[in-house]
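Rule-based calculations on the coordinates, nothing more; no lab input. All values reported here derive from a predicted model rather than from experimental measurement. Positions of Cβ are generated from backbone atoms using ideal geometry, with glycine treated the same way; all protein chains shown enter the neighbour counts.
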Amino acid sequence: MAKVGRASRNASLMRIETITADKTIESAESGEVYLLGTANTAVTLPALKEGAYFKFIVSATIENHATLLRIVSPNGKMEGLATVEKTGGGTDTVLVHSTVASHLVFKVTSSASSSNGVFAGSTVEIYCDGTNWHVQANIAHKGTVTTAFAAS
């Protein structure tokens with residue numbers, strides 16, 4: 001039992017990894033936080049496992065490429081919700097939703113232009129219930145981008 005007046009302390013730190021090239025995540029890496037700051041980098045999730053969890057944080061604005069973010073499930077559907085908001089001129093808050101069994105990819109794409117991109121601070125969290133990957137994303141962007149769940 002905690003003593004009154006004593007602050008609680010989390011003795012463990014989150015494991016952080018920066019991704020700069022294509023990466024296939026291993027099952028044992030569940031719970032890690034991944035920093036993304038490189039365009040055209042594909043991240044492949046591990047096999048479905050109940051309780052698996054991954055968080056992706058855009059650490060630097062990703063721009064000037066057709067593929068800005070790409071997270072792939074090799075063997076289970078992805079479903080969930082992404083809130084996408086344009087910042088710095090105009091508002092186009094969009095909710096992107098998926099519950100289709102054939103959706104194995106969460107991606108953000110645009111034309112290869114420095115005026116289109118995903119801002120640092122955007123996040124994607126992915127949880128597994130053993131059958132599906134559940135996605136919750138908050139994407140802040142500039143210019144014109146497309147956020148989608150897709151079959152490939």
key: Given (1) surrounded by fewer than 14 Cβ atoms within 10 Å (Cβ to Cβ); (2) more than 22 Å from ALA39 (Cβ to Cβ), number of the condition SER152 does not satisfy   = (2)
ask   = Can you name the condition, by its number, that THR61 falls short on among (1) among the polar types (S, T, N, Q); (2) under 17 Å from GLU125 (Cα atoms); (3) touching a Phe, Trp or Tyr at 6+ places or on another chain (Cβ under 9 Å)?
value = (2)
key: Residue check, ILE139 in contact with a Leu (Cβ under 9 Å, 6 or more places away or on another chain), within 19 Å of ILE16 (Cβ to Cβ), of a type in the set (A, V, I, L, M, F, W, C) and in contact (Cβ under 8 Å) with a residue 12 or more places away in the chain   = no
